[in-house]
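J.: This is the structure I want to talk about, given as structure tokens.
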Amino acid sequence: MMTVVQKTSFTAGPLTFAVKHELWDGNIQDHPDQGVAITVAAQIDGKQTTLLRFNCFDFEKSYIYGPENAELELEGPEMLGGAPLTNLYRMDPIADGNPIGWTVKTLGTKLSKMLERAGYPQIAAATDPAKVASILPDVEACARELYATKRNTVKHNRGTHIFDAGNIRFGLEMRRLPMGDGGLAIHVLADIGGTPGKAYTEETELLAFDHFWNGAHYHYGPRNKNHRIYWDRTLVEDPLAWTLEQFETGKLRAMIERAGYPGIAADLDAEKIASVFPAMKKQALDMWAEGERLTGHPGLPLEATPNMAAAE
């Protein structure tokens, strides 16, 4: 059967419009986020150059004039002492609405002015609005499809030691990736769909804390938004202690809300969580020590423990 490759690049005269899904990791690429970037590029001095960039992400909703134009600088308002204007502007999700829709509308009505502002007046003069208008529906359709279908999510194993705490449960697992990194993982789980004990129940991972010896990180909503943050190991020398402290000091409710599950957060039973916390903490520390004994790295088992793969 022939495989159909989705078109993600569209040409209109000298301009090329490209759509790409991107996953950003916290403390790797500024902040945890994902979505689609729409770029406008052209040949400048024999080099394909990005002239405008629109970030249509979960959190980052912005556009950039001349991201590759190092000489671009404009004087700002007199009331601010003429400080140079920024080349990165934020969309206002309240006033502007959906970032993909806003971007496509703006490209259809303000493109030439934006190209001039980005420092490319000759490209702006050579732009044919009719040609641009003819490809914008395809740009929009591609962007919306990539936003929906290319979202990065992950499905971990639920853990080998489970601790029920009211409407949530903690799953502890000694994890090892095929490339060797790994450590103790703590999964925060809840039943999202169906009813426990009935024919259909869907257990979902709300949060995941991967205390790896090399790339320690945690996930907000791994099956939802999957916003992943790598710890700053200069400040957080012991990620497991950091995680346990968040649980012990009552941060779990807010973290579950941020993961995208406000209903689960609202129904948390703080007393129930506190009652299972000592046993869960002891088991976590025992598994932490077992990994050190086996491999020299806390929480790391001898053999690889692959994730349950998310559906393609």
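The values are calculated or read from the model by the stated rules, or taken from the named source; none is laboratory data. Small disclaimer: the values here were computed from a predicted structure and weren't measured. For neighbour counting, all protein chains shown are included, and Cβ atoms are generated from backbone atoms with ideal geometry for every residue, glycine included.
J.: Considering region 123-153 alone, what residues qualify as being at pLDDT below 95 and assigned to a helix (DSSP H, G or I)?
T.: Answer for region 123-153, where residues must be at pLDDT below 95 and assigned to a helix (DSSP H, G or I): ALA148, THR149.
J.: Within region 70-93, is even one residue assigned to a helix (DSSP H, G or I) and either surrounded by 12 or more Cβ atoms within 10 Å (Cβ to Cβ) or under 21 Å from the mean Cα position of the chain (by Cα) (or both)?
T.: Keep residues of region 70-93 that are assigned to a helix (DSSP H, G or I), which gives 78-80, 93.
Narrowing the set further to residues that are either surrounded by 12 or more Cβ atoms within 10 Å (Cβ to Cβ) or under 21 Å from the mean Cα position of the chain (by Cα) (or both) leaves 93.
Yes, that holds for at least one residue.
J.: Looking only at region 137-184, count how many residues are of a type outside the set (Ser, Thr, Tyr) and free of Cβ contacts under 8 Å to residues at least 40 places away in the same chain.
T.: Within region 137-184, the first condition is being of a type outside the set (Ser, Thr, Tyr), and the residues that meet it are 137-146, 148, 150-152, 154-159, 161-184.
Filter once more, so that each one left must be free of Cβ contacts under 8 Å to residues at least 40 places away in the same chain: 137, 141, 148, 159, 162, 169, 171, 179-181.
Matching residues across region 137-184 total 10.
J.: Something else now. Hey, does region 109-122 have a residue that's touching an Asp or Glu at 6+ places or on another chain (Cβ under 8 Å) and not in a helix (DSSP H, G or I)?
T.: Filtering region 109-122 for residues touching an Asp or Glu at 6+ places or on another chain (Cβ under 8 Å) gives 119.
Okay, now just the ones that are also not in a helix (DSSP H, G or I), so 119.
For region 109-122, residues touching an Asp or Glu at 6+ places or on another chain (Cβ under 8 Å) and not in a helix (DSSP H, G or I): present.
J.: Moving on to the next point. Taking region 36-67 as the region of interest, how many residues are in contact with a strand residue (DSSP E or B) (Cβ under 6 Å, 6 or more places away or on another chain) and touching a residue at least 24 places away in the same chain (Cβ under 8 Å)?
T.: Of the residues in that region, 18 qualify.
J.: Can you tell me how many residues within region 179-236 are in a strand (DSSP E or B), closer than 16 Å to ASN27 by Cα and of a type in the set (Val, Ile, Thr)?
T.: Initially, region 179-236 is screened for residues in a strand (DSSP E or B), giving 182-194, 201-212, 217-220, 227-230.
From what's left, closer than 16 Å to ASN27 by Cα: 209-212, 217-220, 227-230.
Of the ones still in play, those that are also of a type in the set (Val, Ile, Thr) are 229.
The qualifying residues number 1.
J.: When ILE256 is evaluated against the numbered criteria (1) more than 20 Å from GLY215 (Cα to Cα); (2) free of Cβ contacts under 8 Å to residues at least 60 places away in the same chain; (3) within 21 Å of the chain's Cα centre (by Cα); (4) surrounded by 13 or more Cβ atoms within 10 Å (Cβ to Cβ), which criterion, by number, is the only one it fails?
T.: (2)
J.: Here's another thing I want to ask about it. Using beta carbons and a limit of 8 Å, which pairs, at least six apart or on different chains, have the first residue in region 93-112 and of a type outside the set (Lys, Arg) and the second one part of a helix (DSSP H, G or I) and at pLDDT below 95?
T.: Between residues of region 93-112 that are of a type outside the set (Lys, Arg) and residues that are part of a helix (DSSP H, G or I) and at pLDDT below 95, the close pairs are PRO99/PRO93.
J.: Still on this model: Please indicate, with yes or no, whether at least one residue in region 259-282 is surrounded by fewer than 17 Cβ atoms within 10 Å (Cβ to Cβ), assigned to a loop (DSSP other than H, G, I, E, B) and among the polar types (S, T, N, Q).
T.: Within region 259-282, not a single residue is surrounded by fewer than 17 Cβ atoms within 10 Å (Cβ to Cβ), assigned to a loop (DSSP other than H, G, I, E, B) and among the polar types (S, T, N, Q).
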